Amino acid sequence: MEKLILLPVFVQILLTSVVMVLMGKRRIRAAKNKEITVAAFKTMNLTGANEQVIATSRNFDNQFQMPMLYLFSVLFTLQLGFADLGYVVLGAVFVLLRVLHTVVHIGSNNVRLRFNIFLLGCLALWLLWLRLAWQVLVA
């Protein structure tokens with residue numbers, strides 16, 4: 001089970017990497033099209049950049065927020081020897097929802113849909129952490 005719990009982690013890392021590459025491509029294209037200046041990258045002032053550049057940059061930042069709490073939960077779960085199918089499923093649900101959130105965020109950017117997906121992901125993460133806390137307190 002220890003190996004299975006890492007599969008969603010690998011997907012999360014792949015997701016973050018794909019968003020990073022896409023962000024770089026969109027930023028370079030915007031700079032080439034003179035939507036933003038190269039100097040703007042000194043302070044990351046993306047004023048004037050198109051919505052795709054800004055949304056992809058924000059999404060990349062998002063990959064270092066709630067997903068970090070997920071990654072820490074995996075470390076604690078493994079360290080404490082609690083890894084089981086329940087943690088694998090909750091982790092997979094969380095990461096799947098992160099993938100869907102990213103697709104919406106850097107695609108159609110439908111705010112209501114994106115927010116609902118985000119909330120569902122938070123719920124999966126909170127359930128994971130509540131389960132972990134419960135096991136720690138009862139153990």
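Among the criteria (1) assigned to a helix (DSSP H, G or I); (2) of a type outside the set (S, T, N, Q); (3) modelled with pLDDT under 95; (4) loosely packed, with under 12 Cβ neighbours inside 10 Å, the one Arg29 does not fulfil is (4). Within the stretch 1-19, being among the polar types (S, T, N, Q), out of contact with any Leu (no Cβ under 9 Å at 6 or more places or on another chain) and touching a residue at least 40 places away in the same chain (Cβ under 8 Å) holds for one residue alone: Thr16. Pairing each residue of the stretch 56-83 that is farther than 12 Å from Arg98 by Cα with any residue that is of a type in the set (S, T, N, Q), provided the two are 6+ apart or on different chains, yields C-beta distances under 8 Å for Leu71/Gln12; Leu80/Gln135; Phe82/Gln135; Ala83/Thr77.
Within the stretch 42-52, identify whether any single residue is at pLDDT 95 or above and either hydroxyl-bearing (Ser, Thr, Tyr) or under 11 Å from the mean Cα position of the chain (by Cα) (or both), and answer yes or no. No, because not a single residue in the stretch 42-52 is at pLDDT 95 or above and either hydroxyl-bearing (Ser, Thr, Tyr) or under 11 Å from the mean Cα position of the chain (by Cα) (or both). The residues of the stretch 97-117 that are without any contact (Cβ under 8 Å) to a residue 24 or more places away in the chain and either in a helix (DSSP H, G or I) or of a type in the set (Phe, Trp, Tyr) (or both), listed by number, are Leu100, Val103, Val104, Val111, Arg112, Leu113, Arg114, Phe115, Asn116, Ile117.
This table checks each residue for (1) over 30 Å from Val136 (Cα atoms); (2) charged (D, E, K, R).
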site	(1), (2)
Leu7	no, no
Phe41	yes, no
Glu51	yes, yes
Asn59	yes, no
Phe64	no, no
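Regarding the stretch 94-110, can at least one residue be identified that is within 16 Å of Ile5 (Cα to Cα) and not aliphatic (A, V, I, L, M)? There is at least one residue in the stretch 94-110 that is within 16 Å of Ile5 (Cα to Cα) and not aliphatic (A, V, I, L, M). Considering Thr77, Thr43, the condition of being β-branched (Val, Ile, Thr), more than 19 Å from Ser17 (Cα to Cα) and surrounded by fewer than 16 Cβ atoms within 10 Å (Cβ to Cβ) is satisfied by Thr43 alone.
The values are calculated or read from the model by the stated rules, or taken from the named source; none is laboratory data. Here the structure is a predicted model, which is why all the values come from computation and not from measurement. A quick note on method: Cβ atoms are made from the backbone with ideal geometry, for glycine too, and the neighbour counts reach across all protein chains shown.
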